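The values are calculated or read from the model by the stated rules, or taken from the named source; none is laboratory data. These figures come from a predicted structure and were not determined experimentally. Counting neighbours? That spans all protein chains shown, and the Cβs are built from the backbone with ideal geometry, glycine included.
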Amino acid sequence: ISQRTNKQQQTTTINMLLRQGHQQPRTLLLVVWIWLSTAALCTAWTVNRRTVIKSAAATATIGLLQVGENDQNNPNVAVAATEPLLYTPAPTMMMQDKTVLITGGNTGLGLESAKRLAAAGARVIVTTRTAAKGVQAVADIQDYLQTRQGVKKNNVSAVTLDLCDLQQVQTAAAEIVKQGITIDVLLNNAGVMALPERQLTVDGYERTFQTNHLGHFVFTAKLLPALQPDARIINVSSEGYQFAAPGLQPDNLNAERQYGPWSSYGQSKLANILFTQELQRRATAAGKSYTVVSLHPGAVATDLGRYLVGEEKWNRIKHQGMTWSEKLVLIPLSKLTKTVPEGANTQIYLASANIHQIQGGLFYEDMKPHAVQAFAQDPQAAQ
């Protein structure tokens, strides 16, 4: 698609495709829509694979399409020839003997963060929704450590945590406190994205909001006795908070009045940012030395995409590869996204960099403070 492509050519092509594609109308319409979106993107930027998509709408579009890219062994998936630029904590310096607790540590950004922080010398505890997933996550991290030259197997363990069950969240936190574990870094990483339909948890709350915010809020509150005096609390948010414009809707947090996949996702990610600001304010007022930050990892290929395309299709793409129409769209657009290792950079940086380089209460992107919209700085909403 070139900048010279005009509206008449596009219309002619679309009509031809629609005439020929009566057997796969839904797929074809999706391809056409994405083709036009790609044309707009390509005329706006000449980009490489490390370009950060700043627009929340663009991030959402890319996130929708990034299914299966992180399966490096899949021959149908384009893999960049160059190694990504990764932030690697220095062993024996910042992370040695530190304890890092990561929610959702068995997949995607959480697992990647666990691997690299463990390789830097940290004691890593990952939470997973089931005990079986915890066993697998620990094995994956230990296998990774074995492949790193000069790195020994570290102290890695797992805790079962279902953020959609607040009673279980409190029980898990209480058990950690009871064991006398002290936490240096709490990385609230787990999340879901844009569930097609409104779902309620066992507690009666909208699933996106409880998973992304409410569950982590309760978990963090119950873990306060276990936090070190200078602990870091890192909340993985997203530029997708902008879907919550013009601001938090306290009267519709449970999506009873209206549910939209992206608006509900935006509300939960906006809540992450506001929670970060208010927790930092209260900690400082109480004389605590906590550093509380939120972040946007970027448009990243992770398992969050399964909520956008459905479990069945997601698993089919991961294990069997893409159809021709999916490859037509996904391979070019993969150049606009980050890999999982790249996407984990910012949260790993915030967990391990010199504390004097990090300012509490702020929103980070690409390892730097990043401004947020005015409605994401509302002190009343944060309270």
Apart from one, (1) of a type in the set (A, V, I, L, M, F, W, C); (2) outside any helix (DSSP H, G or I); (3) modelled with pLDDT of 95 or more; (4) within 23 Å of the chain's Cα centre (by Cα) all hold for Val169; the odd one out is (2)
Per the filter on the range 90-132, residues in a loop (DSSP other than H, G, I, E, B), among the basic types (Lys, Arg) and within 21 Å of Asp230 (Cβ to Cβ) are Lys98
Checking Thr128, Thr88, Thr103 in turn, the sole residue that is surrounded by fewer than 24 Cβ atoms within 10 Å (Cβ to Cβ), within 21 Å of the chain's Cα centre (by Cα) and either among the β-branched types (Val, Ile, Thr) or closer than 16 Å to Ile233 by Cβ (or both) turns out to be Thr88
Would you confirm, using the coordinates I've provided, whether Asn155 is in contact (Cβ under 8 Å) with a residue 12 or more places away in the chain, closer than 23 Å to Tyr349 by Cβ and over 22 Å from the mean Cα position of the chain (by Cα)? yes
Of Leu304, Leu308, the only residue that is at pLDDT below 85 and in contact with a Phe, Trp or Tyr (Cβ under 9 Å, 6 or more places away or on another chain) is Leu308
Those residues of the range 335-373 which are at pLDDT below 90, buried (at least 22 other Cβ atoms within 10 Å of the Cβ) and farther than 22 Å from Ala120 by Cβ amount to Leu336, Thr337
By residue number, the members of the range 180-219 that are buried (at least 24 other Cβ atoms within 10 Å of the Cβ), assigned to a strand (DSSP E or B) and aliphatic (A, V, I, L, M) are Val185, Leu186, Leu187
If you go through the range 247-259 one residue at a time, do you hit one that is touching a Gly at 6+ places or on another chain (Cβ under 6 Å) and either aromatic (Phe, Trp, Tyr) or in a helix (DSSP H, G or I) (or both)?
-> no
When every residue in the range 241-271 that is buried (at least 24 other Cβ atoms within 10 Å of the Cβ) and of a type outside the set (Phe, Trp, Tyr) is compared, the one modelled with the lowest pLDDT is Ala244
Exactly one of Ser268, Ser294 is closer than 26 Å to Leu111 by Cβ and assigned to a strand (DSSP E or B), and that one is Ser294
Checked pairs for the range 173-188, first of a type in the set (D, E, K, R), second part of a helix (DSSP H, G or I), C-beta under 9 Å and 6 or more apart or across chains, list as Asp184/Ala351
Condition set out of contact with any Lys or Arg (no Cβ under 7 Å at 6 or more places or on another chain) and of a type in the set (Asp, Glu), scope the range 156-186, selection farthest from Ile233 (Cα to Cα): answer is Asp165
Counting only residues in the range 271-289 that are among the small types (Gly, Ala, Ser) and not in a loop (DSSP other than H, G, I, E, B), the one farthest from Thr208 (Cα to Cα) is identified as Ala285
Q. Just to be sure, is Val79 in contact with a Phe, Trp or Tyr (Cβ under 7 Å, 6 or more places away or on another chain) and either of a type in the set (A, V, I, L, M) or modelled with pLDDT under 80 (or both)?
A. no
